[in-house]
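Below: one structure, written as structure tokens.
The values are calculated or read from the model by the stated rules, or taken from the named source; none is laboratory data. Treat the numbers as computed from the prediction; the structure is a model and nothing was measured. Don't worry about glycine lacking a Cβ; one is built from the backbone with ideal geometry, like all the others, and counts go over all protein chains shown. Surface areas here come from the heavy atoms of the whole protein model, side chains and all, with no ligands, DNA or RNA. Shrake-Rupley method; radii C 1.70, N 1.55, O 1.52, S 1.80 Å.
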Amino acid sequence: MLALGTVLRFLIAEATGLGVDESYAVAVSRQFSLSYFDHPPLHFWLAGAMAKLAHSESGEVVRLPFVICFAATTWLMYRVAARFFGENAGAIAALLLNISAVFSVTTGGWVLPDGPLMLFMLASVAVIAAILFDAPRGLDGVARDVPPAVPGSDTFRWAVAGVFAGLAMLSKYHGVFVLAGTFVFLLTSAPHRKWLARPGPYVGALIACAMFAPVLLWNREHGWASFAFQGGRAAGRGGLHVEAMLASLAGQAGYVLPWIWVPLMVVLWRALRTGPRDPARWFLVCLGIGPIAAFTLIALRGDPGLPHWEAPGYLMIFPILGAAVAARLERGDVLARRWIRWSAWTFVGLVVILVTQTANGWMERVAPSLFAKGDPTTDMVSWRALRPTLDAENLLSHGEFLAAPSWIQAGQAALGVGPDVPVLCLCADPHHFYYMVDDRAFLGRDAVFVKKIKPNDDVIATFSPYFDSFSVADTLVVLRGGTEAFRIGIYRGRGFRKVFPTVQPR
């Protein structure tokens, strides 16, 4: 499973372009920063380091560390589940993780914070489980002879767990749920409450918080911009909006895949009802319930949020599901075996459809009505044809900078022209582009402005006030599978004269 999954994810990385979040991450990672506007820095550091080492920003290069991260995550899922419930449960939990869309596709290989987040959350959990459960038991109740995940004294092992938790927090703010979930478990499980009187858990927590220092330092210097941004996403519209919460649950089911999400919810509910009487399952529930409950309840404020926000919580429930399915298989349950087979082949089919549609857009030709509101897979079509077009028109010959109307298109354009051309985001919400260079440094300079063409756009009227003169230079037709995917308008702006207003603190 590890070998096959890693090879397939690498091939997918080579066959599909970077998505909008990935393009943005690679573009802003060109400049090292203690932290970044959107997220903590670890996945930016990984992408930037890989691009510099390989002298390439191609998809297969910058995605490689994240493919490796998920291979390690799969192994840790097996080890954690096997420690509690036996090796069959561990293998099944690892398999189910690999045929769940949000984990296997996006977390599994895209340039996103979720890959290192999942890896280091599970790494920390594996060490903590080895400390708290010295006599792991299988489904038959017989103690397993599993060596400690990390040798040494308990305080040392808590310190190692803290290092991994700190790396999870450096990946994404969700990493804090490892600390919170562990504390809740120690507080509510009577046999394990003794650890609250020992130094180990506090040493681990202090180390994790110390490793989070780069994020705090960067935010202190920039008006706590990242915390304000992420906190604002949870503000919602006010009041209670049940329909938004239901939309959030539907999104979670879709991302995990409904036929896996429903069993996950069933075993989660059963473990909640049992509570601390089953310490192993209760430990996993304490770790997983935080992200699931917090972000689902936040949706009641009126904004469903993004369906992958709850994914770190579901990650912790897979061992329990693996144990439940293993128990059914050991009893000879034919339906459970058929469900696994059907789930695996259905997942493979969905991935094939996604990859081939992204590569050549065949579904849009076969069933155009499905894409009446647009084709989201075009976001993964590369803008690499942009640089040859600009060079052919001699548009970058006098030190012009590149400008775009959003952080999304700025990221795609930045990858399209390469790291030698400075990029300015002319929008009210430029994200981390705002901190890479002071917009005022471009005043008086000429620009090449690029924008994906949409109906009824009046680009000239919108952006001409920011230049002494602003005119159409060319149109780039981006092809996919021999047919048009979208068009990019190319404009020449002479004499940049006014900085675009933004509310982000510098």
(message) Compute the distance from the alpha-carbon center of segment 231-248 to that of segment 1-68, in whole Å.
(response) 31 Å
(message) Taking a cut-off of 18 Å, what percent of all Cα-Cα pairs in segment 4-52 are separated by more than that?
(response) 37 percent
(request) Can you tell me how much longer the chain between S153 and T475 gets when fully stretched, taken as 0.36 nm per residue apart minus their C-alpha distance, in nm with one decimal? (result) 109.4 nm
(message) I'm checking a number: the convex hull volume of the Cα atoms of segment 150-305, normalised per residue, in Å³. What is it?
(response) 143 Å³
(request) Using only Cα positions of segment 380-466, each an equal point scatterer, no hydration layer, compute I(q)/I(0) via Debye at q = 0.14, 0.21 Å⁻¹ and quote the log10 values to two decimals. (result) -0.47, -1.12
(request) Please state, to two decimals, what the Cα-based radius of gyration of segment 219-321 comes to when divided by 2.2 N^0.38 Å (N = residues). (result) 1.20
(request) Based on alpha-carbon positions alone, could you give the equivalent ellipsoid semi-axes of segment 273-334 from the gyration tensor, as √(5λ), descending, whole Å? (result) 28, 15, 9
(message) Report D for segment 177-231 in µm² per second (integer): Stokes-Einstein, Kirkwood Rh on Cα pairs, 20 °C, 1.002 mPa s.
(response) 163 µm²/s
(message) Treating only the Cα positions of segment 216-262 as identical point scatterers, give the base-10 log of I(q)/I(0) from the Debye formula at each q in 0.26, 0.29, 0.30 Å⁻¹.
(response) -0.88, -0.97, -1.00
(message) If each residue of separation counts as 0.36 nm, what is the full-extension length gain between S369 and V20 once their alpha-carbon separation is subtracted?
(response) 123.2 nm
(request) Take every Cα-Cα distance within segment 1-135, group them into 5 Å bins from 0 onward, and report for each bin the whole-number percent of pairs it holds. (result) 2, 11, 19, 21, 17, 12, 9, 5, 2, 0
(message) Given the DSSP H assignment, sum -39500 (n - 2.57) over each helix run of at least 4 residues in the chain and divide by its residue total; what's the result at 222 nm in deg cm²/dmol, nearest 500?
(response) -17500 deg cm²/dmol
(message) Counting only protein heavy atoms and a 1.4 Å probe, tell me what percentage of the chain's accessible area is made up of carbon and sulfur.
(response) 65 percent
(request) Could you pull out the chymotrypsin sites (Phe, Trp or Tyr not before Pro) across segment 342-404 that fall in loop regions by DSSP (anything but H, G, I, E, B) with no more than 10 other Cβ atoms inside 10 Å? (result) none
(message) With N set to the number of residues, divide the alpha-carbon radius of gyration of segment 270-410 by 2.2 N^0.38 Å and report two decimals.
(response) 1.64
(message) Kirkwood hydrodynamic radius, computed over distinct alpha-carbon pairs, for the chain: how many Å, to one decimal?
(response) 24.5 Å
(request) Report the calculated FRET efficiency for D333 and L34 (r = Cβ-Cβ distance, R0 = 45 Å), to the nearest 0.05. (result) 0.30
